[in-house]
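These notes are about the structure you will find just below.
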Amino acid sequence: MEFSIKAEKLQPNQAGALLYICEDACPCSKNSDNPVAALLCGALEEDQVFAETKTSEEGSLKAVAVVRLKDMQRDAVAKAASEAATWAQKQERVSVCVAPFNKKNAALVVEVFAEAFGNAVYRFERYKKESKPAKLEKAVFFCAEHTQAVQTALEVAEAQIHGVNICKDLGNAAPNECTPKFLAETAKEEAEKVGASVKILDKDYIKKNMGAFWSVAKGSKQKPYLIELSYFGAKDQNEAPIVLVGKGITFDSGGISLKPGLNMDEMKYDMCGAASVIGTFCAAAKLKLPINLIAIVPTCENMPSGGANKPGDIVTSMKGLTIEVLNTDAEGRLILCDALTYAEQFKPKAVVDVATLTGACIVALGHDVSGVMGNNQKLVDSLLAAAKHTDDKAWQLPLFDTYKEQLKSNFADLPNIGTPGAGTITAGVFLSYFTEDYPWAHLDIAGTAWKSGKEKGATGRPVPLLLNYLRHVK
């Protein structure tokens, strides 16, 4: 959809449906230029933030709605924006009056409401015979003050929507379409659109150099790829880059350690770490952030076959550490460990990997909170701050050395799973052996990357968290 800003006051005769956004203390119930909006705002109950109606105007009906923000914390604004967006998506065009907020709150309102509109109009119906696109095509924000701040906020929102939609589209695609090759081709196409560079390494490189990654990939007929996207926006092109690494298992059957059949179709979402990294990368490049950024995505399928990993196999990682494969369904860490070793060559300022890594993370944190851990507290704190600012929730889990006692093998340097208990943490501990040479953090998004049930679909998380982190990285 299309967004724009107008540095002027909204008039009641503006085209489209009218949405008035004000603070709790706003006197619009008495002084609004639109008597219907004034009536709605004045009639709101104490616990209400949204009201709507239709009014007759020269023989036609015009939709009018108001949002009264009693709490300017982002999560409260986002909740109100979501309610308003449900109404807005039924309109063709919405003219939005942003009341006289201070600069910070005006920018917050524009950013959050634009994001909510973008989320509300998202559809993924390309496999259906008849699709029903959202009605809403355009939203115009009328804000007579703080023009530069609200324009910047809108640009951030548009970039985030772009990145989130890339992530959702990739996650929702059927696994017979979204193969490793499709993921690589899409990443290349989207990155080149925003002026970034692309390097794709194929089976030959992976087989020769990345033994842990190859051990997973060799069980499928689909060829594996290592995707490398590069964007240099810093004044100093030689400045150490931020590196994002995303797990790209385009379908995870569990391999020989086969998953239960119930809901196995949702294992197409096991590449949502990759999808979020690609989406975040493209959003950052679209915003022309003043940083150097690299995205690395190892992608393959995890399938059972005569050539697949077997429990008990020992493989050699790119770092040289040998790994005993005790469970072939713990494959994500096998492809990630080689990608994290590959990242060393860039001498990164920081590395953040993102993966739907462990079901244990859902047990620990549920479906609303991502797990975060790492070897650098400053980096972890930056990610947690970004999570709080965007309401893309995350919670830190510990990486105490005592957990290393759960990762011991009689036959190799490491097993790919630990003893029972703390499954999310021991997965992180496993990855920590491959990240000792740079600041590193790990995001486990197994519970937050997609929804099941009637709202089934990719969420686009943690693109908001990651983009906010990149916008404020120092």
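The values are calculated or read from the model by the stated rules, or taken from the named source; none is laboratory data. These numbers were taken from a predicted model, which means no experiment stands behind them. Note: ideal-geometry Cβ built from the backbone for every residue, glycine included; neighbour counts use all protein chains shown. Side chains are part of the model used for accessible areas, which takes the heavy atoms of the whole protein and leaves out ligands, DNA and RNA. Shrake-Rupley method; radii C 1.70, N 1.55, O 1.52, S 1.80 Å.
When residues of segment 375-387 are filtered for being within 25 Å of Asp401 (Cβ to Cβ), touching a helix residue (DSSP H, G or I) at 6+ places or on another chain (Cβ under 7 Å) and open to solvent by less than 20 Å² (accessible area, probe 1.4 Å), how many remain?
Residues that pass the stated criteria total 1.
Please pick out the residue among Pro304, Pro290, Pro348 that is more than 22 Å from the chain's Cα centre (by Cα) and open to solvent by 10 Å² or more (accessible area, probe 1.4 Å).
Going through Pro304, Pro290, Pro348 in turn, the sole match is Pro304.
Name the pairs whose Cβ atoms lie under 7 Å apart, with the first residue in segment 239-255 and assigned by the TED database to the domain that holds Met267 and touching a residue at least 24 places away in the same chain (Cβ under 8 Å), the second among the hydroxyl-bearing types (Ser, Thr, Tyr) and in a strand (DSSP E or B), and 6 or more positions between them or separate chains?
Matching pairs, first to second residue: Gly248/Thr299; Thr250/Thr299.
For Val363, only one of the following conditions fails: (1) farther than 16 Å from Ile425 by Cβ; (2) open to solvent by 10 Å² or more (accessible area, probe 1.4 Å). What is its number?
Checking Val363 against (1) farther than 16 Å from Ile425 by Cβ; (2) open to solvent by 10 Å² or more (accessible area, probe 1.4 Å), the one that fails is (1).
Out of the residues in segment 204-233 that are crowded, with 18+ Cβ neighbours inside 10 Å and touching a Phe, Trp or Tyr at 6+ places or on another chain (Cβ under 6 Å), which is nearest to Gly254 (Cα to Cα)?
Ile206
With Pro290, Pro304 as the choices, which residue is farther than 24 Å from Gly279 by Cβ and touching a Gly at 6+ places or on another chain (Cβ under 6 Å)?
Going through Pro290, Pro304 in turn, just one is farther than 24 Å from Gly279 by Cβ and touching a Gly at 6+ places or on another chain (Cβ under 6 Å): Pro304.
Answer yes if at least one residue in segment 388-409 is open to solvent by 80 Å² or more (accessible area, probe 1.4 Å) and under 22 Å from Gly312 (Cα atoms), and no otherwise.
Yes, because at least one residue in segment 388-409 is open to solvent by 80 Å² or more (accessible area, probe 1.4 Å) and under 22 Å from Gly312 (Cα atoms).
Would you confirm whether or not segment 276-283 contains a residue that is aromatic (Phe, Trp, Tyr) and within 23 Å of the chain's Cα centre (by Cα)? Spell out the reasoning first.
First, the residues of segment 276-283 that are aromatic (Phe, Trp, Tyr): 281.
Retained after the next criterion (residues that are within 23 Å of the chain's Cα centre (by Cα)): 281.
Yes, there is a match, as at least one residue in segment 276-283 is aromatic (Phe, Trp, Tyr) and within 23 Å of the chain's Cα centre (by Cα).
Would you mention how many residues in segment 107-127 are modelled with pLDDT of 95 or more, open to solvent by 70 Å² or more (accessible area, probe 1.4 Å) and either outside any helix (DSSP H, G or I) or under 18 Å from Gly16 (Cα atoms) (or both)?
Total satisfying the criteria: 2.
Within segment 431-472, take every residue that is farther than 23 Å from Ala364 by Cβ and either hydrophobic (A, V, I, L, M, F, W, C) or part of a helix (DSSP H, G or I) (or both) and give me the one that is most open to solvent (accessible area, probe 1.4 Å).
This residue is Lys454.
Within segment 278-287, which residues are of a type outside the set (Phe, Trp, Tyr) and either out of contact with any Pro (no Cβ under 9 Å at 6 or more places or on another chain) or open to solvent by 10 Å² or more (accessible area, probe 1.4 Å) (or both)?
Within segment 278-287, Ile278, Gly279, Cys282, Ala283, Ala284, Ala285, Lys286, Leu287 meet the criteria.
Go through segment 343-392 residue by residue and tally those that are touching a strand residue (DSSP E or B) at 6+ places or on another chain (Cβ under 8 Å) and either touching a residue at least 40 places away in the same chain (Cβ under 8 Å) or under 17 Å from Ile294 (Cβ atoms) (or both).
Counting residues in segment 343-392 that are touching a strand residue (DSSP E or B) at 6+ places or on another chain (Cβ under 8 Å) and either touching a residue at least 40 places away in the same chain (Cβ under 8 Å) or under 17 Å from Ile294 (Cβ atoms) (or both) gives 30.
Taking segment 394-417, which residues are within 21 Å of Asp329 (Cα to Cα) and part of a loop (DSSP other than H, G, I, E, B)?
Leu407, Lys408, Ser409, Asn410, Phe411, Ala412, Asp413, Asn416, Ile417
Across segment 76-103, which residue is surrounded by the most Cβ atoms within 10 Å (Cβ to Cβ) among those that are farther than 20 Å from Cys41 by Cβ and under 24 Å from the mean Cα position of the chain (by Cα)?
Ala78
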